Amino acid sequence: MSDAAPRTATKRAGPNAGAAKFIVPLTSIHKVDADGVQVFYRAAGDASAPVVLLLHGFPTSSFMFRELIPRLATDYRVIAPDLPGFGFTEVPSERKYVYSFDQLARTIEAFTRAIKIDRYAIYVFDYGAPTGFRLAMAHPERVTAIISQNGNAYEEGLGDAWGPIQKYWASATAENRDIIRQSVLTAGGTRWQYTHGVANPENVPPESYTLDTALLERPGNKEIQLDLFLDYASNVKLYPKFQEYFRKFKPPLLAIWGKNDPFFIPAGAEAYRKDIPDAKVQFLDTGHFAIETHVVEIASAMKDFLETNGVRRQNEESTVTR
C-alpha cells in the first residue's frame, strides 16, 4: 500500500498493433494515519485533476465504489475512504474511539488534511451524507459540488423502515437495542438492504453483501453499529442546519436516487429543491444500493452534472496515476 511511481494502463482495441489505445484507470489501495486512525482508502486518477470524494454508508465500505471509481477516474482524481468501523480502516483500541457522526466527520476531515486535498466534489450515500454535510458546513469553500445518492437531509425522506430504529432513539433500552441487533445486523438483513426494490435481485453481485456480512461479524463490530444507529438521531436534529447550509451556499447538487429505497424515500430527493431550487433530481428504478444495479447511469449522470457545473479537467490529455 505504499506510494510508488505513477502507473498507467492501456488497452488496445482490436488485434492490430497500431490500434488506438484506451486508458484503463487503475485503482490503488492505501492507508494513512489520520486522527489516530489508520484510514484505508482507494484512489485513482490524475493527481492534478479535480477531486471527487466518495463517502459510503451502512453497512458497506469503499468497496461499494469498485465499479464507479474507474468510470470517473478518466476525468477526476477519485478518493474513497472507509469510515471508522467499516471496511478495512483500523481503529487502535488505545484510541478509545467514540463512534458518533460528529467523530466520523472529524476523522474524515483529518483524512483530507493527511492526503492534502482541500477542494473536492462529494458523493454522499446513506451514512456518508451526514458525514459529508458536516464537512461542507464546516468548510463550505472546499465543496465544489454534491452528488447525493440516497443520502438524506430531510425528515420527509425517512421511510417506514426506520420504525424500529426510531423506537430505539425514543427508548435506548437493552431490549430495543437487541431488536436492532437481531433484525438488522444479520446476513439476511444485509442482503435485504441490497436486494429490496431491485427488479431482479439475482443481478446484485453477491460479493457485496457477503463482504459486508463478514465484516459486521468481526468481534465488537455490532456494538459499534448499534452505537451509530442510536447516534443517527443526532443527524435528524441537524437536518435544519444542513438545510440552512444549502440555502446559504447553494452548492450545485445532484440527487440521484433509487426510488424503491425503503429507508430514504423519493420525497427526500425532491426536498433538496426547497433549499436549492436548481438542484437536479433523478430517479432510478432500483433500491437503496442503486450503484449495484445502475453504476453506468450514475457515472454518466455525475460526469454530465460536474461538467455542467464547471468541475472539469483543464487538460484533456493526462496520465492515469496512483
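Annotations
Here is a yes/no grid of residues against (1) part of a helix (DSSP H, G or I); (2) within 22 Å of A271 (Cβ to Cβ); (3) at pLDDT below 95:
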| residue | (1), (2), (3) |
| --- | --- |
| I108 | yes, no, no |
| I122 | no, yes, no |
| D126 | no, yes, no |
| A136 | yes, yes, no |
| E141 | yes, no, no |
| I147 | no, yes, no |
| N150 | no, yes, no |
| I165 | yes, yes, no |
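- Scanning the stretch 241-256 for residues that are within 17 Å of G132 (Cβ to Cβ) and surrounded by fewer than 16 Cβ atoms within 10 Å (Cβ to Cβ) gives K241, E244, K248, F249, K250.
- In this structure, R106 does satisfy being under 18 Å from A34 (Cα atoms) and surrounded by fewer than 21 Cβ atoms within 10 Å (Cβ to Cβ).
- Scanning the stretch 294-317 finds no residues that are touching a residue at least 40 places away in the same chain (Cβ under 8 Å), closer than 17 Å to Y194 by Cα and not in a helix (DSSP H, G or I).
- In summary, A80 fulfils each of the numbered conditions (1) crowded, with 24+ Cβ neighbours inside 10 Å; (2) part of a loop (DSSP other than H, G, I, E, B); (3) not polar (S, T, N, Q) with the single exception of condition (2).
- The stretch 44-76, subset outside any loop (DSSP other than H, G, I, E, B) and not hydrophobic (A, V, I, L, M, F, W, C), residue surrounded by the most Cβ atoms within 10 Å (Cβ to Cβ): S62
- Matching residues, the stretch 200-213, being under 27 Å from K167 (Cα atoms) and either out of contact with any helix residue (DSSP H, G or I) (no Cβ under 7 Å at 6 or more places or on another chain) or among the charged types (D, E, K, R) (or both): D212
- Residues located in the stretch 257-280, provided they are surrounded by fewer than 17 Cβ atoms within 10 Å (Cβ to Cβ), assigned to a helix (DSSP H, G or I) and touching a strand residue (DSSP E or B) at 6+ places or on another chain (Cβ under 7 Å): R273
The values are calculated or read from the model by the stated rules, or taken from the named source; none is laboratory data. Remember, it's a predicted structure, so these values are computed and weren't measured experimentally. Glycine also receives a Cβ, built like all others from the backbone with ideal geometry; neighbour counts cover every protein chain displayed.
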